[in-house]
Amino acid sequence: MDLDDKDQKSDGSLNNLVAITVVIITVFLAISKVKDDNIVQAMAKAQAVSVDAWNEYQAARIKLHVDENALATLRLMETNGGISKELAAKQAAAYEADIAKYEQRSKETMAKAKEQDATYDRLNVHDDQFDISEAFISIAIAVAAIAALIQSYPMLYFAWASGTTGIVFGLAGFLGWGLRPEFLVKLIGT
């Protein structure tokens with residue numbers, strides 16, 4: 001076996017390792033991307049429901065304020081004697097019932113909005129994990145291609161390290177792990 005045959009075998013081994021690496025991390029990236037897209041859709045839904053709930057909360061609070069003011073005005077009119085006590089009592093009871101209803105509705109819609117905000121935040125952690133995963137896997141694919149081009153095992157090892165990091169973050173997204181380095185989130189986030 002001469003030196004050229006040995007180099008070709010070595011080149012073939014490196015190229016085979018690069019090919020296997022690229023296939024494994026690309027398949028993982030594709031599956032992760034589907035999951036990440038589903039998370040983004042769930043985040044959009046949670047945010048829409050949250051915005052609706054906060055709008056409903058504001059509307060209930062405005063109605064509550066209007067009824068409280070109307071009741072206060074009615075009580076003032078009662079002290080002047082310019083209104084029938086029977087009519088005033090009936091109207092006051094209606095206002096008090098509405099006030100109770102809007103206070104309850106406010107509590108319920110606030111709780112619903114806060115729950116959706118929490119859902120959004122929880123999903124955002126996993127979205128960030130998949131984003132970090134995608135970044136590291138993309139780096140791994142690019143470095144693996146360079147490793148094949150320049151026939152460099154150290155570059156392939158770097159690709160493996162980057163790909164492994166990407167897979168770990170992807171698994172964190174799938175399995176609900178709390179892995180979320182804030183410096184990376186800030187670096188790639190908004």
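Within region 30-73, count every residue that is under 23 Å from the mean Cα position of the chain (by Cα), surrounded by fewer than 16 Cβ atoms within 10 Å (Cβ to Cβ) and within 30 Å of ALA94 (Cβ to Cβ).
2
Whether any residue in region 124-133 is without any contact (Cβ under 8 Å) to a residue 40 or more places away in the chain and either assigned to a helix (DSSP H, G or I) or closer than 18 Å to ALA19 by Cβ (or both) is what I want to check.
Checked region 124-133: no residue is without any contact (Cβ under 8 Å) to a residue 40 or more places away in the chain and either assigned to a helix (DSSP H, G or I) or closer than 18 Å to ALA19 by Cβ (or both).
Among the residues in region 103-111, are any crowded, with 17+ Cβ neighbours inside 10 Å and closer than 29 Å to VAL22 by Cβ?
Scanning region 103-111 turns up no residue that is crowded, with 17+ Cβ neighbours inside 10 Å and closer than 29 Å to VAL22 by Cβ.
Does region 159-173 contain at least one residue that is of a type in the set (Gly, Ala, Ser) and outside any helix (DSSP H, G or I)?
no
Taking only pairs six or more apart or across chains, which ones have beta-carbon atoms under 7 Å, a first residue in region 24-52 that is more than 11 Å from THR119 (Cβ to Cβ) and touching a residue at least 60 places away in the same chain (Cβ under 8 Å), and a second residue that is among the hydroxyl-bearing types (Ser, Thr, Tyr) and surrounded by 14 or more Cβ atoms within 10 Å (Cβ to Cβ)?
SER32/SER133
Going by the structure shown, is ALA100 aliphatic (A, V, I, L, M), surrounded by fewer than 14 Cβ atoms within 10 Å (Cβ to Cβ) and assigned to a helix (DSSP H, G or I)?
Spelling it out, ALA100 is indeed aliphatic (A, V, I, L, M), surrounded by fewer than 14 Cβ atoms within 10 Å (Cβ to Cβ) and assigned to a helix (DSSP H, G or I).
Values in this text are rule-based calculations from the coordinates and carry no lab data. All values reported here derive from a predicted model rather than from experimental measurement. Cβ sites come from the backbone with ideal geometry, for glycine too, and all protein chains shown count toward neighbours.
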